[in-house]
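The values are calculated or read from the model by the stated rules, or taken from the named source; none is laboratory data. Bear in mind that the values here come from a model prediction, so they are computed numbers and not experimental data. So basically every Cβ, Gly included, is an ideal-geometry build from the backbone, and we count neighbours across all protein chains shown. Each accessible area value is taken on the protein alone, full model and side chains, heavy atoms only, with ligands, DNA and RNA left out. Shrake-Rupley method; radii C 1.70, N 1.55, O 1.52, S 1.80 Å.
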Amino acid sequence: MRQICKLVIAVFASITAIACGLHAASAQDVSSPGGYQFFVTPYLWLASVHATTKTPLAREPEVNSNVSTIDLLSHLDGVPVMGSAEVRYGRLGFLGDVIHLPVSTDITTRDIFFQGGNAKMRANTGTGMVLYREFEDPVQFVDAGIGFRAWGFSMDVNLNGGLLPATSVNRSAGWTDPLLGGRYHREFGNGFGLTAYGDVGGFGVGAHIDWQAIGTVDYTLNPSWNLHLGYRSLNFNYQASGRNLGFDVHMRGPILAGTFRF
């Protein structure tokens, strides 16, 4: 059970540990009043994970996990598919992100009833948010938005036969959280700036709470490229309906990002 719980936590953190992320704080030059603009922001997030997993097992109702970045990367079981983009037109913008991530781990048994096995998980998450530019001047802007973040997970657990025949278990779960978000950016001159982003959601619709906060120092290389260095925290508390199964997950760490604008 501990191995499976560690796999689950590895999924949550790996989703963003190497992702091309939706809400990497995209420091942007103050936009022109009209015309379409497109932004792509790949980034590296060196996140650690701190989580409590509630289980239906009476002997072990909670499992606490603390997983480093290196441990997370060791669970990858294929090539992750990740991508994000932002499109703006005047004061309106749309942020979108899709991530597919496969991970796995071996299961060690006492080699009596079962001769070991493995567990594989596929994680999918998609986020969308409509942003409205509430305020801007030559050196700063403020965006406010509303959107959603959807989570989906599937797991295959396979145990090799021993005294008992080989067993396979397949499970899947998913939920969608409504979100409220905001972003602030300010230029300091000489190419440097500061960006802060935050969102909060869930509200019991999917997760009890689902929130994140990002702060970056930004540097403009040229009109098409910005670099960002900062810190990110992504967190959620989810309780499965009608079952004693849930996750309280906290992911945090430094980020290094680059925004391409065209």
Notebook entry, point to check: What does the charge count near VAL157 come to, summing +1 for each Lys or Arg and -1 for each Asp or Glu among other residues with Cβ under 10 Å from its Cβ?
Noted result: +1
Item checked: Radius of gyration, Dmax [the range 121-232; alpha carbons; angstrom] -> 21.0, 73
Check: So how much accessible area does LEU180 have, in Å² to the nearest 10, using a 1.4 Å probe?
Finding: 90 Å²
Margin query: Over the range 52-192, what is the relative contact order in percent, taking alpha-carbon pairs closer than 8 angstrom and at least six residues apart?
Written below: 18 percent
Notebook entry, point to check: Rounded to the nearest whole Å², what accessible area per residue is found for the range 104-207 with the 1.4 Å probe?
Noted result: 51 Å²
Notebook entry, point to check: Given +1 on the Cβ of Lys and Arg, -1 on the Cβ of Asp and Glu, and no further charges, what dipole in debye does the range 184-248 carry about its Cα centre, rounded to the nearest 20?
Noted result: 80 debye
Next item on the list: Count the net charge of all other residues whose Cβ sits under 12 Å from the Cβ of ALA144, scoring Lys and Arg as +1 and Asp and Glu as -1.
Entry: 0
Notebook entry, point to check: Which peptide among 184-191, 39-46 comes first, and what is the full order, when sorted by highest mean count of other Cβ atoms within 10 Å?
Noted result: 39-46, 184-191
Next item on the list: Go through PHE192, PHE203, PHE114, PHE141 and list them by solvent-accessible area, largest first, probe radius 1.4 Å.
Entry: PHE203, PHE192, PHE114, PHE141
Notebook entry, point to check: Quick one: putting +1 on the C-beta of Lys and Arg, -1 on the C-beta of Asp and Glu, what dipole do you get for the range 65-174 around its Cα centre, in Debye to the nearest 20?
Noted result: 320 debye
Note to self: Counting heavy atoms of the protein chains only and a 1.4 Å probe, report the per residue accessible area for the range 211-259 as a whole number of Å².
What the structure shows: 46 Å²
Check: At a probe size of 1.4 Å, how large is the accessible area of TYR197, to the nearest 10 Å²?
Finding: 20 Å²
Item checked: Kirkwood-based Rg to Rh ratio, the range 142-198, C-alpha trace -> 1.44
